[in-house]
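No value in this document is a laboratory result; all are computed from the given coordinates. None of these values were measured; they are calculated from a predicted model. No Cβ is skipped: glycine too gets one built from the backbone with ideal geometry, and neighbour counts run over all protein chains shown.
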Amino acid sequence: MAQLRLKHTAVKAIYSVIPKMVYKTHDYPYFSEDEAKMFANTTGIIERRVAATNVTASDMCFKAAQTLLEDMNCHHEIDLLVFVTQSPDYFLPASAAILQDKLGLPKTCMAFDVNLGCSGYVHGLLLANRYLQQGGLRKVLLLAGDKSTISTHEQDKTAFPLFGDAGSATLLEYDAKGKDWFFDAGTDGSGANAIIIEAGHSRMPYQSFDDQDIEVAPGVIRSKKHLAIDGMAVFNFALKNVPKSINNVLDLAKLRTEQLDYLVLHQANQLITDSIRKKMNLPKEKCPSSIGNFGNTSSASIPLTLCSELSEALKKERLCLLLCGFGVGFSWASLLLSTHNVATKLLEYD
Amino acid sequence: MEIDDFIIAIEEEFDNLNPGDVSPNSVFRNMEGWSSMHALIFVALIDSKYDVLLNGDELKSCVTINDLFDITRLKLNGGAAKA
């Protein structure tokens, strides 16, 4: 069972980067006025940020990391760089290696990508802890970001207006006196087709398939190289597994829901996060939401929500947070952690 | 669990519905502008009100509001839905 008690790790800083370009739900040309209203009311998405054609997820994470490292003045102490993304720069090499060089990190620094989406940030925090826990490494830089808008077809009403782009950088270090963290995770690969880009990799290389656009449902046009999402399957998966995982973590920590300062959920859509929040009997103010301004930003949604909604509290208060990422795979992960004096910044990518 | 409460909850959920617009025999996919978003809202409403989670196949097996009510009641009472 993937449940763990974690020791000796502190989060020192979380920086997030969003593109400047704003796409508003009401301006989406394939929605009628009523459809746009219903989409905004149901998903919570009023607007989202979309990266320019020449900007990648690694570029946004680079800006977040570069600013963070300058502010913290700790380039030379980074012993591990983890880049969580499903939109890397290339098939190979790993984007983390390119980022190690661009950021001027020491050549003694390990660097690798993690191919996870919405659950990836929480898995990344676990990885950071695993490497730091023994005290062998000094600091870990966790980057999490995606450019999901590169994968969605403009005429797919189920996907195109849902996703936004963002990048993030989180600095973690060994902390001998840090409070214990608690972790729970799971996988259900039977849901692999619920969020998928079928073509372009080994199973269906580009030269082997017909990439013509198909109207798969009224108002839903895409090809096999585009991201497809089955909203009903995702909703069912999330409601079945996420509350259970959150309760597993609370049980491990011997805490009650009301002892949490905040539950920070992956910003899938408001219908899902509200349904989970209600199942956990938490008031709205304990479950911060950023989806209205940024859409679903995949692996970046949790750090982005922390930066945009909890910046002051992270800096000034001692917090007991429960973070839960869930989605593509299906994959999910929950982490209960304590934070104190965490620096945050929310930056725009020019 | 009464069908009248079920119908009231549905009428309250959608802005374009007024009291009396929905009956047990209403075909829910004939709602104006029906889309996959409506389907999600129905499933979320049923989960929130009755703690019953309908999957896509179960929803597909329903035609009328009464079908939705029946499958929800069946699952609420621990029965397996035919889907």
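Name the residue that is nearest to the other protein chains (Cβ to nearest Cβ), counting only residues in region A:20-31 that are out of contact with any Phe, Trp or Tyr (no Cβ under 7 Å at 6 or more places or on another chain) and either under 20 Å from B:F42 (Cβ atoms) or part of a helix (DSSP H, G or I) (or both). Within region A:20-31, the match that is nearest to the other protein chains (Cβ to nearest Cβ) is A:H26.
Residues that are in a loop (DSSP other than H, G, I, E, B), touching a helix residue (DSSP H, G or I) at 6+ places or on another chain (Cβ under 7 Å) and of a type outside the set (D, E, K, R) occur in region A:87-98; there is at least one. Tell me which residues, restricted to region B:1-41, are among the hydroxyl-bearing types (S, T, Y) and either touching a Cys at 6+ places or on another chain (Cβ under 6 Å) or in contact (Cβ under 8 Å) with a residue 24 or more places away in the chain (or both). Residues satisfying the conditions are B:S23, B:S26. With the requirement that a residue be assigned to a helix (DSSP H, G or I), small (G, A, S) and within 16 Å of A:E77 (Cα to Cα), what does region A:110-134 give you? Selection gives A:A128 alone.
Cβ separations smaller than 9 Å between residues 6+ apart or across chains give the following pairs from region B:42-53 residues that are more than 7 Å from chain A (Cβ to nearest Cβ) to residues that are among the acidic types (D, E): B:F42/B:E13; B:L45/B:E13; B:K49/B:D5. As for region A:175-195, it holds no residue that is among the basic types (K, R) and more than 26 Å from A:V249 (Cα to Cα). Out of curiosity, is A:A13 crowded, with 18+ Cβ neighbours inside 10 Å and not in a loop (DSSP other than H, G, I, E, B)? Here the answer is yes, as A:A13 does meet what is asked.
Scanning region A:291-341 for residues that are β-branched (V, I, T) and in contact with a Leu (Cβ under 9 Å, 6 or more places away or on another chain) turns up A:T297, A:I302, A:T305, A:V328, A:T339. Of the residues making up region A:44-66, one or more are within 14 Å of another protein chain (Cβ to nearest Cβ) and surrounded by 21 or more Cβ atoms within 10 Å (Cβ to Cβ).
Number of residues in region A:267-293 that are part of a helix (DSSP H, G or I) and either within 12 Å of another protein chain (Cβ to nearest Cβ) or surrounded by fewer than 21 Cβ atoms within 10 Å (Cβ to Cβ) (or both): the value is 15. Looking across region A:151-188, the residues that are more than 30 Å from A:K7 (Cα to Cα) and hydroxyl-bearing (S, T, Y) come down to A:S151, A:T152, A:T158. Whether any residue in region A:243-252 is buried (at least 21 other Cβ atoms within 10 Å of the Cβ), in a helix (DSSP H, G or I) and within 14 Å of chain B (Cβ to nearest Cβ) is what I want to check. No, region A:243-252 contains no residue that is buried (at least 21 other Cβ atoms within 10 Å of the Cβ), in a helix (DSSP H, G or I) and within 14 Å of chain B (Cβ to nearest Cβ).
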